[in-house]
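What follows is one structure encoded as structure tokens, with my remarks underneath.
Nothing in this text is a laboratory measurement; each read-out follows from the coordinates by a stated rule. Fair warning: this is a prediction, and the values are worked out from it, not measured in the lab. Here Cβ is always computed from backbone atoms with ideal geometry, including for glycine, and neighbour counts include all displayed protein chains.
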Amino acid sequence: MPLVLITVLLVLKHVPATQHLPLARGAGIVAFGYAAFLAMRLMQDEKAMFVDGWSELQPSMVEYFTVYGAGALSLLLMFAVTFQGWYAGDPGSVLTAFLASVTLGFGAVAIGMTSIFVRVRWNHRELEYRSALGREKRIAWSDVKSCRPSWRGVAVTTHDRRRITFSQFNSGAAELARHATNRARRNLETATKAFASP
């Protein structure tokens with residue numbers, strides 16, 4: 001995805017309608033951000049934190065960097081456009097910078113609300129999810145039907161279509177995904193044996 005985005009930005013740099021925009025700088029920022037993302041993924045802990053009999057996911061450096069970096073860049077861009085008079089006299093550039101600032105801010109809030117400010121933990125009986133707004137969901141391991149990647153992260157689903165989704169970038173996410181996949185497989189085997197028995 002980052003390579004596609006960089007390619008699109010570089011192509012748009014040579015289109016007459018958008019060549020006056022700072023697209024080459026944008027491509028450089030995307031490339032730098034992706035390099036930082038890869039470096040921080042190397043330092044991510046694959047094990048969950050164990051607290052009072054519960055294994056718990058923790059936000060990773062990637063998520064902190066993304067949320068606070070995007071938020072800071074959004075504020076800086078908005079400040080530059082609003083108070084410093086950057087791109088003065090060019091409404092297209094001002095609108096582009098404003099939209100970029102709003103998009104970065106919205107992205108930072110969305111990532112924070114779905115990965116940093118949530119709590120996901122599990123023990124041998126159940127999986128528990130607490131949202132950033134305090135809502136709780138609980139799924140017993142015996143009810144788990146599947147564990148699959150989704151556009152929001154990794155989704156653990158039950159037979160009655162209850163779902164808990166967690167970020168694949170959390171520290172311990174790989175451990176939780178393995179555990180949920182194993183429980184789903186065991187549940188399927190148990191159900192198959194029960195159905196096959198006379």
Can you list the aspartates and glutamates whose alpha carbon is less than 16 Å from that of K137, not counting same-chain residues fewer than 8 positions off?
E56, E126, E128, D160
Of the trypsin sites (Lys or Arg not before Pro) in segment 128-198, those whose Cβ has at most 10 other Cβ within 10 Å and which sit in DSSP loop
R135, R161
Computed from the coordinates I sent, Kirkwood radius over Cα pairs in Å equals one of (1) 19.6; (2) 16.4; (3) 18.8. Tell me the label.
(1)
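Assigning unit charges at the beta carbon (Lys, Arg +1; Asp, Glu -1) and nothing else, what dipole magnitude in debye, to the nearest 20, does the chain show about its Cα centre? Kindly include the intermediate steps, with their values, before the conclusion.
Details: 22 positive and 13 negative charges, 143 e Å.
Roughly 680 debye for the chain.
Quote the FRET efficiency, to the nearest 0.05, computed for E126 versus W151 with a Förster distance R0 of 30 Å and r equal to the Cβ-Cβ distance.
Details: r = 25 Å, r/R0 = 0.84.
Here the calculated transfer efficiency is 0.75.
Relative contact order of the chain: what whole-number percent is it, with Cα pairs under 8 angstrom and at least 6 residues apart? Display every interim value, and only then the final one.
Working: 264 pairs, mean separation 36.9, N = 198.
About 19 percent, as a whole number.
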Place +1 on the Cβ of every Lys and Arg and -1 on the Cβ of every Asp and Glu in segment 56-198, take the dipole about the Cα centre, and give the residue among L133, V120, L99 whose Cα lies farthest towards its positive end.
V120
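Quote the FRET efficiency, to the nearest 0.05, computed for H159 versus Y34 with a Förster distance R0 of 35 Å and r equal to the Cβ-Cβ distance. If you can, show how the numbers build up before the last one.
Values: r = 39 Å, r/R0 = 1.11.
Plugging the Cβ-Cβ distance into 1/(1 + (r/R0)^6) gives 0.35.
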Could you identify which residue out of V118, V109, V67 has the top mean-square fluctuation in a GNM of the chain using Cα springs shorter than 10 Å?
V109
Between M49 and L75, 0.36 nm times their residue separation minus their Cα-Cα distance comes to what?
6.0 nm
Hey, rough spin-label estimate for R25 and F65, points 7 angstrom out along Cα→Cβ, what's it come to in nanometres?
2.2 nm
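What longest region of the chain stays clear of chymotrypsin sites (Phe, Trp or Tyr not before Pro) that DSSP places outside H, G, I, E and B and that have at most 16 other Cβ atoms within 10 Å?
Values: sites that count: W86, F117, W151.
The segment 1-85 is the longest one with no such site.
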So, in Å, what gap is there between the alpha-carbon centers of segment 46-73 and segment 109-135?
11 Å
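May I ask you to compute the full-extension gain from L188 to F98, defined as 0.36 nm times their residue separation minus their alpha-carbon distance, rounded to one decimal in nm? Can you show the working numbers first?
Working: separation 90, 0.36 × 90 = 32.40 nm, distance 5.09 nm.
27.3 nm is the gain from fully extending L188 to F98.
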Calculate for the chain the 222 nm mean residue ellipticity that helices alone would give, adding -39,500 (n - 2.57) per DSSP H run of length 4 or more and normalising by residue count, nearest 500 deg cm²/dmol.
-17000 deg cm²/dmol
